[in-house]
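> Dropping a structure here in structure tokens format, bear with me for questions.
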Amino acid sequence: MRRPFVAGNWKMHGSKAMIQTLLAELVEGAKPLESVDMAVCPPSVYIDYVKQGLVETKISVGGQNMADVAEQGAFTGEVTGVMLKDVGCDYVIVGHSERRTLYAETDEQVANKVSIALAEGLTPILCVGETLKERESNVTEKVVGSQMQAVLDKVGVKAFAKVVVAYEPVWAIGTGMTASPQQAQDVHAFIRGLVAKQDATIAESLIIQYGGSVKPNNAKELFSQTDIDGGLIGGASLNAVDFLAICEAAGDACSK
Ligand code: PEP
């Protein structure tokens, strides 16, 4: 049985004041939520502050991105995996569609980041997903398959014991256009199948989150699907009540 995992991607949102309020509500509400792993991924400048605020809880902290080079050095504006680990991160989001589209990150860079994250003891949350145009052209599996394959080729299937995959259809992120449970399940099963071709045991234990306009009112149905093991939550993770309701839905629905 896979333990559900829900992570909040705060994107470029927050201030110390806002974080204080959000964390107070999360800390209070998360206490009874023992059946789900939870993480929040704040902007990097707030990671340490958030980590301190969550010290009494089991909620983990993650980065939203990291450099695709392992060593410290002359890379102005970048943050290494070592630094994320140093300030208490357990996770790092890698290959989010906003990084792939707005900052032209390639499959090769994403694969490098996964490799570096693993070497630093961080669990990468590897984001994959197709655009609306790609879905309408019936190439979803081709696109998601090659995003996955680039990482499998780089780190090998055994490394996926320590990787979380997030299927995030680009057209569903921040749009309110959630994938239907069946649409999401089909791609999740495809991803698991791809990994299973190389290692059935790793595939069976692989956590595959769904991300894209998950809200309290659609979470349970999505998370009830056989191959959906929780979610990567953007907008709704900035509201403690909504985020906790989504985590609770994961705990209820994913006990499979
Ligand atoms: C995301 O940013 O990864 C995301 C899934 O956003 P939202 O939940 O707002 O669609």
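> Could you grab me the full set of residues in the stretch 151-173 that are within 16 Å of the ligand (Cβ to nearest atom) and more than 13 Å from the chain's Cα centre (by Cα)?
Applying the first criterion (within 16 Å of the ligand (Cβ to nearest atom)) to the stretch 151-173 yields 164-173.
Hits for the stretch 151-173 are Val170, Trp171, Ala172.
> Restricting the search to the stretch 84-103, which residues are within 13 Å of the ligand (Cβ to nearest atom) and of a type in the set (Val, Ile, Thr)?
Those that are within 13 Å of the ligand (Cβ to nearest atom) and of a type in the set (Val, Ile, Thr): Ile93, Val94, Thr101.
> Is there a residue being touching a helix residue (DSSP H, G or I) at 6+ places or on another chain (Cβ under 8 Å), open to solvent by 40 Å² or more (accessible area, probe 1.4 Å) and within 24 Å of Lys113 (Cβ to Cβ) anywhere in the stretch 218-231?
Within the stretch 218-231, not a single residue is touching a helix residue (DSSP H, G or I) at 6+ places or on another chain (Cβ under 8 Å), open to solvent by 40 Å² or more (accessible area, probe 1.4 Å) and within 24 Å of Lys113 (Cβ to Cβ).
> Also: Could you please find all residues in the stretch 168-178 being closer than 18 Å to Lys142 by Cα and open to solvent by less than 40 Å² (accessible area, probe 1.4 Å)?
Taking the stretch 168-178 and keeping what is closer than 18 Å to Lys142 by Cα, we get 168-171.
Scanning the stretch 168-178 gives Glu168, Pro169, Trp171.
> Can you tell me how many residues in the stretch 6-21 are loosely packed, with under 13 Cβ neighbours inside 10 Å and under 16 Å from the mean Cα position of the chain (by Cα)?
So the answer is 1.
The values are calculated or read from the model by the stated rules, or taken from the named source; none is laboratory data. In this text, all values refer to a predicted model and were calculated from it rather than measured experimentally. Positions of Cβ are generated from backbone atoms using ideal geometry, with glycine treated the same way; all protein chains shown enter the neighbour counts. Side chains are part of the model used for accessible areas, which takes the heavy atoms of the whole protein and leaves out ligands, DNA and RNA. Shrake-Rupley method; radii C 1.70, N 1.55, O 1.52, S 1.80 Å.
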